[in-house]
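The structure under discussion appears below in the form of structure tokens.
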Amino acid sequence: DTNLPMLCASLAEMGIRPCFVGKVSDKLSSLQKAVSRALRKSDVVVVMGGVSVGEYDFAKKVFHRLGVSEIFWKVSQKPGKPLYFGKRGKTLVFGLPGNPAAVFTSFYEYVFPTLRRMMGFEKDTLSAGFVALGTELKADRVRTLFLKAKTDCEGHRKIVIPLKYQGSHMISSLCEADSFIVVPPRDRPFRKGQKINVHYLPYLR
């Protein structure tokens, strides 16, 4: 299990201690019991895995049964397409895809700014800026890509380079990443030296 320690560490960096952390078997009844308990005790509920369309993906069904109103499900992005967001009363509910890179990306792009806003920070989103690409970069025609990346210096200018192993199941690149390259959908690649939007990870700022 990489997701649970990773998310708990990210929350600890924010000064947040989860009030309920647990692993749940791939049974609808078990998941429903755990989510019901979390909804009673939490301001924000985060479920990792079970939000896609597989045989054992029960999260959406459980949210519906427990009266969570769906605000959106699925985002045109990679990784993290099956992302879920809903609300029951004042409690916010996030369903994150189960693959670790998708959990990491979805947390920092969606959950992190939400928690920051709830904590009263004026600056709630990740810091961002346009940085020159250190290499040519292909885009997806339909989806926005969030690529784990490393910033560096080339002469007197700052550059950003996408890391290897971008698959949503791969975690080795998370050890090196200090940012995400946000690649909008388009037919043609981005040229080396062209400036592109970069979101900086907060624990390295």
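Under a 1.4 Å probe, what is the accessible area of segment 113-205 per residue, stated in Å²?
Values: 5640 Å² over 93 residues.
Roughly 61 Å² per residue, with all protein chains present.
Sum up the charges of everything whose Cβ sits under 9 Å from the Cβ of Ser179, counting Lys and Arg as +1 and Asp and Glu as -1, but leave Ser179 out. Walk me through the numbers on the way to the answer.
Values: positive: Lys148, Lys150; negative: Asp178.
Every neighbour counted, the sum reads +1.
Would you work out the charge dipole size for segment 1-120 about its Cα centre, treating the Cβ of every Lys and Arg as +1 and the Cβ of every Asp and Glu as -1, and quote it to the nearest 20 debye?
On the way: 18 positive and 8 negative charges, 96 e Å.
So the dipole magnitude of segment 1-120 works out to roughly 460 debye.
Springs between Cα atoms under 10 Å define the GNM used for the chain, and in it the highest mean-square fluctuation of Val160, Val142, Val44 occurs at Val142.
What is the calculated FRET efficiency for Leu28 to Arg186, with r their C-beta to C-beta distance and R₀ = 30 Å, to the nearest 0.05? Write out the running numbers ahead of the final one.
Working: r = 41 Å, r/R0 = 1.36.
Given R0 = 30 Å and the Cβ-Cβ separation, E is 0.15.
Here the Karplus curve 6.51 cos²θ - 1.76 cosθ + 1.60, taken at θ = phi - 60°, turns the phi angles of segment 53-62 into couplings of 10, x, 4, 10, 8, 9, 4, 4, 5, 5 Hz, with x standing for Gly and Pro.
If you count Lys pairs in segment 29-139 whose Cα atoms are under 19 Å apart, skipping same-chain pairs closer than 8 places in sequence, the total is 16.
Taking the Cβ of Leu137 as the center, what net charge do the other residues with Cβ under 10 Å away carry, scoring Lys and Arg +1 and Asp and Glu -1? All intermediate terms of the calculation are to be shown ahead of the outcome.
Working: positive: Lys138, Arg191, Lys192; negative: Glu136.
Spelling it out: positives minus negatives among the neighbours equals +2.
Here the Karplus curve 6.51 cos²θ - 1.76 cosθ + 1.60, taken at θ = phi - 60°, turns the phi angles of segment 25-35 into couplings of 5, 7, 10, 4, 5, 5, 5, 4, 5, 5, 5 Hz, with x standing for Gly and Pro. For the residues Pro97, Pro79, Pro162, a GNM of the chain with alpha-carbon springs under 10 Å puts the largest fluctuation on Pro162.
From the C-alpha coordinates alone, can you work out the Kirkwood hydrodynamic radius of segment 152-205, in Å? Please list the in-between numbers first.
Working: mean 1/r = 0.0776 Å⁻¹.
Every distinct Cα pair counted, the radius reaches 12.9 Å.
Computed over the chain, relative contact order equals 17 percent, with contacts defined as Cα pairs under 8 Å that lie 6+ residues apart. Placing +1 on the Cβ of every Lys and Arg and -1 on the Cβ of every Asp and Glu, with nothing else charged, gives the chain a dipole about its Cα centre of roughly 460 debye. In a simple Cβ point-charge model (Lys, Arg +1; Asp, Glu -1; nothing else charged), segment 89-205 has a dipole of about 260 debye relative to its Cα centre. GNM on the chain, alpha-carbon springs under 10 angstrom: the most fluctuating residue among Val103, Val24, Val93 is Val24. When GluC sites (Glu not before Pro) are flagged only if DSSP places them in a loop and at most 14 other Cβ atoms lie within 10 Å, the longest unflagged stretch of the chain comes out as 56-121.
Place a label point 7 angstrom from the Cα of Lys150 along the Cα-to-Cβ direction, then list the residues of segment 157-176 whose backbone nitrogen is under 17 Å away. Inside the label zone: 158-167, 171-176. Percent antiparallel among DSSP beta bridges with both residues in segment 1-97, to the nearest 5? Here the share of antiparallel DSSP bridges comes out near 65 percent. On a 0 to 90 degree scale, rounded to 10, what angle separates helix 3-13 from the longest Cα axis of the chain? That works out to roughly 80 degrees. Think of segment 85-188 as having a plus end and a minus end, set by charges on the Cβ of Lys, Arg, Asp and Glu; of Asn99, Gly120, Thr144, Gly120 sits farthest toward the positive end of this dipole.
Secondary structure note: in the chain, about 75% of the DSSP beta bridges are antiparallel.
The values are calculated or read from the model by the stated rules, or taken from the named source; none is laboratory data. All figures in this text were calculated on a predicted structure; none of them were measured in a lab. Positions of Cβ are generated from backbone atoms using ideal geometry, with glycine treated the same way; all protein chains shown enter the neighbour counts. Heads up: the accessible areas ignore ligands, DNA and RNA and are worked out on the full protein's heavy atoms, side chains in. Shrake-Rupley method; radii C 1.70, N 1.55, O 1.52, S 1.80 Å.
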